[in-house]
Protein chains: 2
Amino acid sequence: MLSQAEENYLKEIYALGEETEELLSTNSIAKKMRTKASSATDMLQKLAGKGLVDYTKYKGTRLSKEGEAKAMAIVRKHRLWETFLVAKLGFSWDEVHDIAEQLEHIQSKTLTNRLDAFLEYPSHDPHGHPIPNTNGKIVASEGIILADLKINEKGVLVGVKNATDSLLKYLNKINITIGDTIKVLDIEPFDDSVTIDNNAQQITISGNVAKNLYIKYR
Amino acid sequence: MLSQAEENYLKEIYALGEETEELLSTNSIAKKMRTKASSATDMLQKLAGKGLVDYTKYKGTRLSKEGEAKAMAIVRKHRLWETFLVAKLGFSWDEVHDIAEQLEHIQSKTLTNRLDAFLEYPSHDPHGHPIPNTNGKIVASEGIILADLKINEKGVLVGVKNATDSLLKYLNKINITIGDTIKVLDIEPFDDSVTIDNNAQQITISGNVAKNLYIKYR
DNA sequence: TCTTTTTTTTAGATAAGCCTAAAAATATTT
DNA sequence: AAATATTTTTAGGCTTATCTAAAAAAAAGA
Ligand SMILES: [Mn+2]
Ligand SMILES: [Mn+2]
Ligand SMILES: [Mn+2]
Ligand SMILES: [Mn+2]
């Protein structure tokens, strides 16, 4: 059985691995874990000893097959619990991450699967992130980003890329939520900012924000 | 913030304290925690340092006011989660303890209170144990024990005293569940065994079992 | 290429929570 | 009351996960 620390590392290594094909640097993992590089080295060597990561001294790290399976199981639990908190307990999407960070470590496959059933097998969590199935496979897609839409194209907001507190709070403030139908009115070439129409409200968002919004055409 | 180990100690010290007025021996605490007396001593000294127990070397231990408050908060979470698992996820009462043992450590007062609301403020967990309120107070009672009924008296089973795996499995086997109306048909003075009628079924249970069943007259 | 800087690893500490073995205190017998 | 047994505490070790400081390797710059 893995410790919470080991599980947290695996999950964040998985997240980093989603962003690049390259081997992950020890520094990038340490930064993600908000710890020191020496601590990360220790943990990577331990995980390598357990066959959960492929780690080569001074070269870099990636998840092994087995490590990825473990990571997906944790991601699955994290996203199911987030869904539970929002769908059943009335939390808002910017309040659930820290609690799910704890709940994702509860050990009981039966519990996870019954929770999944209780939630009626959701495909995405409240941030629009796909929920892996029992086998650790992600079947749903995350869609394309808003920044890729052209003027006059529209689609439905299905998720956010980096569900950081600040982004979620900002979206709350400007009244953008998952499910909203967003139409691109204008794109400013100078700074890639995007003016959109949402619920008959005209809003200009930065290119950075536009890159964080997943859209599904329709 | 308390560690899981500290929380587990507080909870079990509380449980032991329910059974006696006396100071608790280090040995009894060690046994309950399935650990060595030396480990218990370590922890008791730490908890004493934090003001959560009153501990006197070689004399014994009891919870302080503050320690009891912490313990009640954990008991509250444990019982609410057990209720959730049975009422919402379809677990049976003999399957939930180990999972609640983990869930009771989730840190979020908001979560606990919303779970309470979601479950519609249950007064008892699936084993018939009363659930403390937000202030750590137990309002509901546990009733009297079946062993105290006289011949021909009857009442409703509202809880079990020691919800051990073996007792719960045994009750499942002989078809006794919370809510059942039980009538005492005979009491054998030789060994205190009790013959009861439950759902038109006649069963003889040992005095030991009878002492573990909470009954509410009616 | 040879320095210099940056990254990564190693060495050595620390705190939590557990252990075993030994010592000290308390309780029980004779 | 003395001897013996039991309980409890202390001493010292181990593992996990973290840290700082120093050493080693790799990357960048002159
Ligand atoms: Mn976590
Ligand atoms: Mn999420
Ligand atoms: Mn526990
Ligand atoms: Mn219970």
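The values are calculated or read from the model by the stated rules, or taken from the named source; none is laboratory data. Since the model is a prediction, treat every value here as computed from it, not as a measurement. Using ideal geometry, Cβ is built from the backbone for each residue, glycine included, and neighbour counts are taken over all protein chains shown.
Summary of values
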{"read-out": "Qualifying position, being more than 14 Å from chain B (Cβ to nearest Cβ), over 14 Å from the mean Cα position of the chain (by Cα) and either within 16 Å of ligand 1 (Cβ to nearest atom) or outside any helix (DSSP H, G or I) (or both), among A:42, A:54", "value": "A:54"}
{"read-out": "Enumeration of residues in the stretch A:100-137 that are of a type in the set (A, V, I, L, M, F, W, C) and either surrounded by fewer than 16 Cβ atoms within 10 Å (Cβ to Cβ) or away from ligand 2 (no atom under 13 Å from the Cβ) (or both)", "value": "A:106, A:111, A:115, A:117, A:118, A:119"}
{"read-out": "Unique residue being without any contact (Cβ under 8 Å) to a residue 40 or more places away in the chain and in contact with a Ser or Thr (Cβ under 7 Å, 6 or more places away or on another chain) when the list is B:140, B:117", "value": "B:140"}
{"read-out": "Selection status of residue B:150, touching a residue at least 60 places away in the same chain (Cβ under 8 Å), surrounded by fewer than 16 Cβ atoms within 10 Å (Cβ to Cβ), of a type outside the set (A, V, I, L, M, F, W, C) and assigned by TED's automatic domain parsing to the domain that holds residue B:207", "value": "no"}
{"read-out": "Any hit, the stretch B:75-98, residues being away from chain A (no Cβ under 14 Å), over 29 Å from residue A:108 (Cβ atoms), in a helix (DSSP H, G or I) and in contact with a Phe, Trp or Tyr (Cβ under 9 Å, 6 or more places away or on another chain)", "value": "no"}
{"read-out": "Condition met for residue B:147 (within 15 Å of ligand 4 (Cβ to nearest atom) and more than 14 Å from chain A (Cβ to nearest Cβ))", "value": "no"}
{"read-out": "Scope the stretch B:180-218; condition out of contact with any strand residue (DSSP E or B) (no Cβ under 8 Å at 6 or more places or on another chain) and acidic (Asp, Glu); matching residues", "value": "B:191, B:192"}
